[in-house]
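**Student:** Just dropping this structure here.
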Amino acid sequence: MAIENKFLSDSIIKHSISQFMEQSLTKAGFSRVEVQKTPVITRITVYVLNPGRVIGRGGKTIDALTDQVKELFKMQNPQISIVEVENRMLEPLLVAKDIAQKLERGLNFRRIQQSYLKSIIANGALGVEIIIGGKLVAKNARAKSIRKSVGYIPKAGDVTNLVRVAYATAYPKYGAIGIKVRIVPPGTKFPDREIKAVEVPRSILNG
């Protein structure tokens, strides 16, 4: 029970830090965060599109960010590292936000969904799932959820920790639309299978 409680506590802390970083670093293109706790320090790795915005001149901005984390999360010795995102098409939060912006501009949700599925796989992902849910067509239409996936996306067990997941919400004129994106990044090793290449179905390629 103690181990389960610690795991739950660590997950809650990571989620809280991720929410804080997303709110604080939106202009820097925040994507995700990794948290590693040791008996001495807590290492926090933050992935963003524009590291310069986070570090600041002479490191003043990141120093201020570290002080905020210390105070908000009662951490004795947090060490924050800023890493530049190598490929935004493999970052679920950035993809979800891009989709949200396009939905708000009134673009067709099916075309958006298919376009991103193709692009993400083309960038080396071993699996991708995009779920778009809400009033997708008209003001008086019923809310519905459209799920599309390509490749391998595990849904149960410890292997789900290998999948990057993010959410975003679009606010077009018909009402809020939720977007959920799951991506299995290139090079991911699964204990029960080997995935070398992923083919996009014709139904999506021709969509």
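Only the coordinates and a few stated rules stand behind these numbers; no lab work does. What you see is a predicted model, and the numbers here were worked out from it, not measured in a lab. All Cβ positions, glycine included, derive from the backbone under ideal geometry; neighbour counts span all protein chains shown.
**Student:** When the dipole is taken about the Cα centre of the stretch 74-139, and only Lys, Arg (+1) and Asp, Glu (-1) are charged at their Cβ, what size is it in debye, to the nearest 20?
**Tutor:** On the way: 10 positive and 6 negative charges, 94 e Å.
Dipole about the Cα centre, nearest 20: 460 debye.
**Student:** Taking the dipole about the Cα centre of the chain, with the C-beta of Lys and Arg at +1 and of Asp and Glu at -1, give me whichever of ILE44, ILE99, VAL163 is farthest to the positive side.
**Tutor:** Checking the options against the dipole of the chain, the answer is ILE99.
**Student:** Looking at the chain as a GNM with Cα springs under 10 Å, which of THR61, THR169, THR45 has the largest mean-square fluctuation?
**Tutor:** Of THR61, THR169, THR45, the most mobile in the Gaussian network model is THR61.
**Student:** Hey, another quick one. Taking neighbour Cβ counts within 10 Å as the exposure measure, how do ASP63, ASP98 sort from fewest upward? Mind showing how you got there, number by number?
**Tutor:** Details: ASP63 13, ASP98 18.
With the fewest neighbours first, ASP63, ASP98 line up as ASP63, ASP98.
**Student:** Now for a separate question. Set the Förster radius R0 to 25 Å, insert the Cβ-Cβ distance between HIS15 and LYS60 as r into 1/(1 + (r/R0)^6), and round the FRET efficiency to 0.05.
**Tutor:** 0.35
**Student:** Something else: Going by how many other beta carbons lie within 10 Å of each one, how would you line up LYS70, LYS97, LYS102, fewest first?
**Tutor:** Numbers: LYS70 14, LYS97 24, LYS102 18.
By the 10 Å Cβ count, ascending: LYS70, LYS102, LYS97.
**Student:** Just the number, please: Stokes-Einstein D of the chain in µm²/s, Kirkwood Rh from C-alpha pairs, 20 °C, 1.002 mPa s. Don't skip to the answer; put the middle values down first.
**Tutor:** Working: Rh = 18.8 Å.
Once the numbers are plugged in, D ends up at 114 µm²/s.
**Student:** Okay, moving on. I need the calculated FRET efficiency for the pair ASN87 and ILE146, taking r as the beta carbon distance and R₀ as 25 Å, to the nearest 0.05.
**Tutor:** On the way: r = 25 Å, r/R0 = 1.01.
With a Förster radius of 25 Å, E is 0.50.
**Student:** If I stretch the segment between GLN68 and ARG105 completely, what's the gain in nm (0.36 nm per residue apart, minus their alpha carbon distance), one decimal? Walk me through the numbers before you get to the answer.
**Tutor:** On the way: separation 37, 0.36 × 37 = 13.32 nm, distance 3.54 nm.
Length gained, GLN68 through ARG105: 9.8 nm.
**Student:** Could I have the simple spin-label model distance between ALA176 and ASN123, label points 7 Å from Cα toward Cβ, reported in nm to one decimal?
**Tutor:** Here the answer is 2.6 nm between the modelled labels.
**Student:** Of the peptides 107-113, 74-80, how do they stack up when ordered by the mean number of other Cβ atoms within 10 Å, highest first? Before the final figure, lay out the partial values.
**Tutor:** On the way: 107-113: 16.1, 74-80: 13.9.
By packing density, highest mean first, the sequence is 107-113, 74-80.
**Student:** Please compute the net charge surrounding THR169, taking Lys and Arg as +1 and Asp and Glu as -1 over other residues with Cβ under 12 Å from its Cβ. Provide the component values of the computation, followed by the final result.
**Tutor:** Working: positive: LYS97, LYS180; negative: GLU104.
Once positives and negatives cancel, what remains is +1.
**Student:** Give me the one-decimal nm value for the distance between modelled label points at ARG202 and THR169, 7 Å along each residue's Cα-to-Cβ direction.
**Tutor:** A separation of 4.1 nm, rounded to one decimal place.
**Student:** Taking the number of other C-beta atoms within 10 Å as the exposure measure, put GLU104, GLU129 in order starting with the fewest. Before the final figure, lay out the partial values.
**Tutor:** On the way: GLU104 13, GLU129 21.
The order, fewest Cβ neighbours first, is GLU104, GLU129.
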